[in-house]
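First up is the structure itself, then whatever we jot down about it.
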Amino acid sequence: MLAAIALSLAQLAQAGVPQHDPEIEALLRRRDELRRAEAEQKAQRPWIEQVPAEGQDGNDQQSLAAVVPPAIAARLATCLERANANPADGIKEAEAWAQTDGGAYAAQCRGYALGQDGRWSEAAKAFEDGAAFRDLDAVTQARLWSQAGNAALIAGEPARALRALDAALSRPLPRTLATGEIHLDRARARVATDDLKGARADLDQAVVLAAADPLAWLLSATLARRMDDLPLARLHIEEAATRARNDAAVALEQGVILALSGNDAGARAAFSRAQELAARDSDIARQATDYLVQLDGEAPPADRSVVTEPGR
């Protein structure tokens, strides 16, 4: 499942006042956490790096060569490996590389190392600096801008993130999974800046371009439910469930949507599945149990806010 995630996505209008939406934030935080875990396991596929073409394996240099010029791939792989092992060493390596011919790729490595060190605002600036180099192709520029946007979101700067993600999507990009992920990231920035309609438009793009990613469908279903579009919510949560039958967060959300749709039997089955899939003491397990009690007592989950933190 997608990589992962650390930030605030959702504020929803309620009684005329925008309210923070912890559900979508938790789902996105899960994605950022998974991405960082991948970075620790495989230096060639850090959460900030565009994933190589499906089915491509190999060493760091071969993987990076799929998304950067081959002549640079070896140096970048070394820099990223050092950042994974020790962020301070990665920063030094990137800064030394920048003094020679590192250009945008030295800035990219510096941004990654700063992120590994938890210095997300500085990381965003490094990625922004990398994206500003004029000799880059559109896809590389977009990748750097999207990395800047992710770092800004983690730093709690959604307006800055939105500017970076707007810049990424202003480039002529192919209709690929990577482009879909940028739309997904911009959706969370837009919700964080109270642009729900814009977020809906980005999620509509994400479920087309990143259709294989269950999280895109789950987030789309969650936002549709919170915007009172139950038909769309039902459609998209079913897509998420088809792709992630063993995901407790998907089962929990499916139960809520089915309960709101008047399908108590389906909701009960989904909540029971969420109980089975979730860790025993997790928020999801507790919420699923609570909702099952409410269903038995005919108290609908519509009056409760689902505060999910999947995977914890």
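Read the figures in this text as sums done on the coordinates, not as results from a lab. This one's a predicted model, so the numbers in the text were calculated from it and none came from an experiment. Neighbour counts are summed over all protein chains in view; Cβ atoms, including those assigned to glycine, are modelled from backbone coordinates with ideal geometry.
With the convex hull built on the Cα atoms of segment 140-293, state its orientation-averaged projected area in nm². Walk me through the numbers on the way to the answer.
Values: hull surface 37.5 nm².
The Cα convex hull of segment 140-293, projected and averaged over all directions, gives 9.4 nm².
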- Message: Rounded to two decimals, what is the ratio between the C-alpha radius of gyration of segment 77-124 and 2.2 N^0.38 Å?
- Response: 0.96
- One point scatterer per Cα, no solvent, Debye formula: log10 I(q)/I(0) for segment 213-254 at q = 0.31 Å⁻¹ comes out as -1.01
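Starting from the coordinates of the alpha-carbon atoms of segment 124-217, obtain the Kirkwood hydrodynamic radius over all distinct pairs and give the value in Å to one decimal. Mind dumping the intermediate values first?
On the way: mean 1/r = 0.0773 Å⁻¹.
Value: 12.9 Å, from the Cα pair sum.
For a protection proxy built on the mean count of beta-carbon atoms within 10 angstrom, sort 119-130, 235-246, 141-152 highest first, please. Don't skip to the answer; put the middle values down first.
Details: 119-130: 22.2, 235-246: 18.1, 141-152: 27.5.
Answer by packing, highest mean first, reads 141-152, 119-130, 235-246.
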- Task: Provide the per-residue ³J(HN,Hα) series for segment 190-196, in order, calculated from phi with Karplus coefficients 6.51, -1.76, 1.60 and θ = phi - 60°, each as a whole number of Hz, with x at glycine and proline positions.
- Result: 5, 5, 5, 9, 6, 9, 5
- Query: Once phi is turned into ³J(HN,Hα) by the Karplus curve 6.51 cos²θ - 1.76 cosθ + 1.60 with θ = phi - 60°, what whole-Hz value does each residue of segment 114-123 show in order, with x for glycine and proline?
  - Reply: 5, x, 4, 8, x, 9, 6, 5, 5, 4
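How fast does segment 93-169 diffuse by Stokes-Einstein, in µm²/s, taking the Kirkwood radius from C-alpha pairs at 37 °C and 0.692 mPa s?
Values: Rh = 11.9 Å.
Rounded, D is 277 µm²/s.
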